[in-house]
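Here is the structure we will look at, set down as structure tokens.
Values quoted throughout were computed directly from the atomic coordinates according to the rules given, and no laboratory measurement underlies them. These numbers come from a predicted model, not from an experiment. Please note: Cβ atoms are built from the backbone with ideal geometry, for glycine as well, and neighbour counts cover all protein chains shown.
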Amino acid sequence: MTLGRSRALLTVIGVTALWLFAASSLSNAAPPDATQIVIKDFMFGPNSLTIKAGSTVTWVNKDDEPHSVVSDTGLFRSGAVDTNETFSYKFDKPGTYHFTCAIHPRMVGTIIVQ
Amino acid sequence: MSDQPSLHSRRGALKCMAYGGAGTLFMLAGGVFTPVDLAMAADNKPGAARLGKPLFVQISDTHIGFNKDANPDVNGTLTRTIDLMNGMAEQPALIIHTGDITHLSKPAEFDLAQQMLSRLRTTELHTVPGEHDTTDPTVTEYFNRFGKASDNKGYYSFDHAGVHFVALINVLQFKPGGLGTLGPEQLAWLAADLKGRSASAPLVVFAHMPLWTIYEPWGWGTGDSDQLMDQLRRFGSVTVLNGHIHQIVQKVEGNITFHTARSTAYPQPTAGEGAGPAPLKVPADQLPKMLGVTSVFVVKHPSSLALNDTTIA
């Protein structure tokens, strides 16, 4: 390997590292992580989430079993959310919203919108 | 165990169930299970005639659309189940499906399930939905196909050969954190339906989720089933059939016999084993032994019914 080629390779690695760094810091700064609820082992995690009005909450299912997200008041109702699928809902008005999984009703959670 | 019906104590009957395995026949007489050795199952062996006339076969939890490791071929295992049922020497008068016909309530899953079930030689099919059949946002896919019998309510009754059948729905009105629910409207309908019926008429009650509490933390039960039992208790022969938990669990309480059926798709863990009732992965050669159907025979028409569980192994 010539010096020129290895330098070019190092540059590529450097640029890739920078890009990855930028991407990770972007995702750290962006709000979506704070409005995500992971469904795992038949639980919503977290099962209580406080968000600002206008935020969108995304539920992602990490179980081998389908789950659903159903508002107690009928405001929102996902279909079956299968493994690695997601469901999102935008909360416009402040309030407290309870939800459950209609397939496993012992799974419950709350969204508090400020 | 002898292959002739013999009277045992209830304790003896329950003990028998513990090691009964794939082919034990339970004859229901006077509310007490009498175990009868059964190697015949759905085979057309000579002894099968002694079982009496097959009244119906219960099929449950076909979960068409499921494709995870626990059984990547639910269509194949349902096909084997249907072949087994079609191979019975004397065909049952009707088939009861106790729900979770589909896995995700998708139209294509329902269409495929209906197409497959149409291969059954017995054409009279009665269904109740499971919670997997009612997860579509509008809860219409099941009712568009199977709602006619109940005027889209999900509960209905019918009579056959002197037996009164009651189909109940307990997967719609979940209370958060709670069990399945029948609801006051359905219970009031049932009271009217049973009013004036002779206590000697055999009753078969079926719903998807267990109508008695098997394991509350996993929602294996129905919150207001006490009110149902109050209505059933006066009858001399009551058979309660459910699905949902993908394994056989039985109980006898007075004249009421409770029974949950195996799935044709995949097994689930026993109550409390693991984080939740997720599909249970077992070695491929074990799977057929954990899938199957329940046949119900009229033993001494019309006074008693016999339950027989058959695997597809």
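Key figures for this structure:
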| item | result |
| --- | --- |
| Paired Rg and Dmax values of region B:59-298, which use every Cα atom, in angstrom | 17.0, 51 |
| Shape parameters for region A:33-113, alpha-carbon atoms, Rg then Dmax in Å | 11.3, 33 |
| Separation of the residue B:86 and residue B:138 label points, Cα + 7 Å toward Cβ, nm | 3.4 |
| Residues A:55, A:71, B:263 arranged by fewest to most Cβ contacts within 10 Å | A:71, A:55, B:263 |
| Fewest-first ranking of B:80, B:234, using other Cβ atoms within 10 Å as the exposure measure | B:234, B:80 |
| Pairwise FRET efficiency - residue A:64 versus residue A:93, Cβ, R0 = 35 Å, nearest 0.05 | 0.50 |
| Gain in span if fully extended, residue B:230 to residue B:148, counting 0.36 nm per residue against the direct Cα distance | 26.7 nm |
| Options A:84, A:66, A:112, ranked by Cα towards positive dipole end of region A:33-113, top entry (Cβ charges) | A:112 |
| Of A:93/B:153; B:106/B:153; B:153/B:195, pairs whose Cα-Cα distance is over 23 Å | A:93/B:153 |
| Cβ-placed point charges (K, R +1; D, E -1), dipole of region B:87-242 about Cα centre in debye, nearest 20 | 340 |
